[in-house]
1. Sort through Leu278, Leu308, Leu266 and tell me the only one that's within 16 Å of the ligand (Cβ to nearest atom) and not β-branched (Val, Ile, Thr).
2. So Asn345 passes all but one of these: (1) of a type in the set (S, T, N, Q); (2) farther than 21 Å from Ala50 by Cβ; (3) not assigned by TED's automatic domain parsing to the domain that holds Leu221. Which condition number does it fail?
3. Given the criteria assigned to a helix (DSSP H, G or I), more than 25 Å from Pro124 (Cβ to Cβ), among the aliphatic types (A, V, I, L, M) and more than 16 Å from the ligand (Cβ to nearest atom), does Ala231 qualify?
4. Only one of these is surrounded by fewer than 21 Cβ atoms within 10 Å (Cβ to Cβ) and within 30 Å of Glu149 (Cα to Cα): Gln190, Gln201. Name it.
5. Sort through Ala429, Ala419, Ala363, Ala413 and tell me the only one that's touching a helix residue (DSSP H, G or I) at 6+ places or on another chain (Cβ under 6 Å) and surrounded by fewer than 18 Cβ atoms within 10 Å (Cβ to Cβ).
6. Please go through region 61-92 and pick out each residue that is within 15 Å of the ligand (Cβ to nearest atom) and either outside the structural domain of Val196 (by TED's automatic domain parsing) or of a type in the set (A, V, I, L, M, F, W, C) (or both).
7. Out of Glu269, Glu238, which single residue is more than 30 Å from Lys171 (Cα to Cα), among the acidic types (Asp, Glu) and in the same structural domain as Cys77 (by TED's automatic domain parsing)?
8. Among the helices (runs of 4 or more DSSP H) lying completely within region 93-210, list those that include at least 1 residues that are within 16 Å of the ligand (Cβ to nearest atom), in contact with a strand residue (DSSP E or B) (Cβ under 9 Å, 6 or more places away or on another chain) and without any contact (Cβ under 8 Å) to a residue 40 or more places away in the chain.
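The values are calculated or read from the model by the stated rules, or taken from the named source; none is laboratory data. Bear in mind the structure is a predicted one, so any value in this text is a computation, not a measurement. Cβ sites come from the backbone with ideal geometry, for glycine too, and all protein chains shown count toward neighbours.
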Amino acid sequence: MYLVKGGTQRSSLWNSDFIREHDVPGPRYTSYPTALQFHEEFSQQDYLDAVARSNASKKPLSIYVHLPFCASLCYYCACNKVITQSEEKKRDYLDHLIMEIRQKATDFGTSRPIYQMHWGGGTPTYYGDAELTELWYQIGRNFHLVDSERGEYSIEIDPRTINADKLGLLKGLGFNRISLGIQDFDPQVQAAINRVQSTQQVLELMEAARSYQFRSVNFDLIYGLPYQSVASVADTIEQVIQMSPDRISLFNYAHLPERFKSQGLLPEEALPSAEEKLAILCAASNQLIDAGYVYIGMDHFAKPEDELAMAYQKGQLHRNFQGYTTYKEADLIGMGVSAISQIDNVYCQNTRSITQYQECLDAGQSPIMAGVHLTQDDLIRRAVIMSFLCQNGLDPVQIQQTYQIDFRNYFAAELQSLARFVEQGLLEAQGGRYIVTPRGRLVVRKICMAFDVYLPDHLKQGRRFSRVL
Ligand code: SF4
């Protein structure tokens, strides 16, 4: 672990010239290899073999549940979601999800402890109180959820679909963390993206969340939306700071209407230019740091007393498909359409089609449609990449001992890249170790990419990855 030097970050940390020089389009490394390497030759037997190894390891488990439905379309959205008003469709999906829960519980057994669970979407809270209760009940009776003191149970919330009473229900079920989709408080921006929600609504939810004593509240914000400017985003950030969420995610909007049709509904002429976006990112980030938030990495900020920030300071962060987490490595069971699982040394993904998902479950089959088996080289490179992302540096000796390799020979080319990053001020070399500098953290994926053996092929596929601009 690599302690972060100089606990307090300065507001001048984010600097346009620096980002412009070093930011590169690249993966966000919620996994390595990334989902682009998943292939359909991955078989049911591959999955079952991985489950058997996982069961033998007795590792703790975490669960991800995907609830894909939304009431209306946010034009910027690039998520795997379905807009519907049909209660029948939602019910049908829930019935099949419960079938998958039982199927997965049979595979993994009901006694392995679950320390982490996340419900994402879509809009999980688009389901009614009775259905949310039924879903929690089905997971609780089929898996061993540890108590709320020890477990992290989180849910994504669209503020338009919830009030204080429903929030109380979620707390009563056992959720102890919530993430609110805010995006921007400016009415003109909200109208342009087709997501109108009042500041008052969010304020009331925040008050309720505090009174119910949720352990952590996260706000999702987006920069790069139509009509945003440095000044308008500064207003939103000021309101956010007043509401005082524990964590903030500040995501980049990437405009790709050829891939995501609804983005074509946005007024293109009102989108901020690349230079404006960069100015917004730097100003908003510095504003958050001035207000006392700590930059965790990869778009994430947290209050210094938040568990995520404390783990960052100690070099004890971990990373999975939901982003940064404090929880140590566990196998992940993904359930629902398009959900990804990480089991022993495989990643595998359910079909992205709801029809196919439901047909598989009706036929008693697993809905897993693609995956990848990690080679020894993948495991070594994943360890290096996660060390840079989560522990703020790299100890080659540790990798060498863990994986029984000669680091200098194995990574001869990559070591040249590291030397260049040291010259550029992204890394510091200390006693054979590499430590990411505070500025290096802003562009840490550039460092990770030096170890990504699949990357040249990915880049040939064009604009598959996002960048700050
Ligand atoms: S942003 Fe969220 S609520 Fe809006 S369409 Fe996408 S998934 Fe649904």
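1. Values: Leu278 fails: within 16 Å of the ligand (Cβ to nearest atom); Leu308 fails: within 16 Å of the ligand (Cβ to nearest atom).
Step by step, each of Leu278, Leu308, Leu266 is checked, and only Leu266 is within 16 Å of the ligand (Cβ to nearest atom) and not β-branched (Val, Ile, Thr).
2. Among (1) of a type in the set (S, T, N, Q); (2) farther than 21 Å from Ala50 by Cβ; (3) not assigned by TED's automatic domain parsing to the domain that holds Leu221, the lone unmet condition for Asn345 is (2).
3. On the way: assigned to a helix (DSSP H, G or I): yes; more than 25 Å from Pro124 (Cβ to Cβ): yes; among the aliphatic types (A, V, I, L, M): yes; more than 16 Å from the ligand (Cβ to nearest atom): yes.
Against the criterion (assigned to a helix (DSSP H, G or I), more than 25 Å from Pro124 (Cβ to Cβ), among the aliphatic types (A, V, I, L, M) and more than 16 Å from the ligand (Cβ to nearest atom)), Ala231 qualifies.
4. Gln201
5. On the way: Ala419 fails: touching a helix residue (DSSP H, G or I) at 6+ places or on another chain (Cβ under 6 Å); Ala363 fails: touching a helix residue (DSSP H, G or I) at 6+ places or on another chain (Cβ under 6 Å); Ala413 fails: touching a helix residue (DSSP H, G or I) at 6+ places or on another chain (Cβ under 6 Å).
Every option except Ala429 fails the conditions.
6. Val65, Leu67, Phe69, Cys70, Ala71, Leu73, Cys74, Cys77, Ala78, Cys79, Val82, Ile83
7. Working: Glu238 fails: more than 30 Å from Lys171 (Cα to Cα).
The unique qualifying residue is Glu269.
8. On the way: elements: 129-142, 164-173, 187-193.
Counting at least 1 such residues, we get 187-193.
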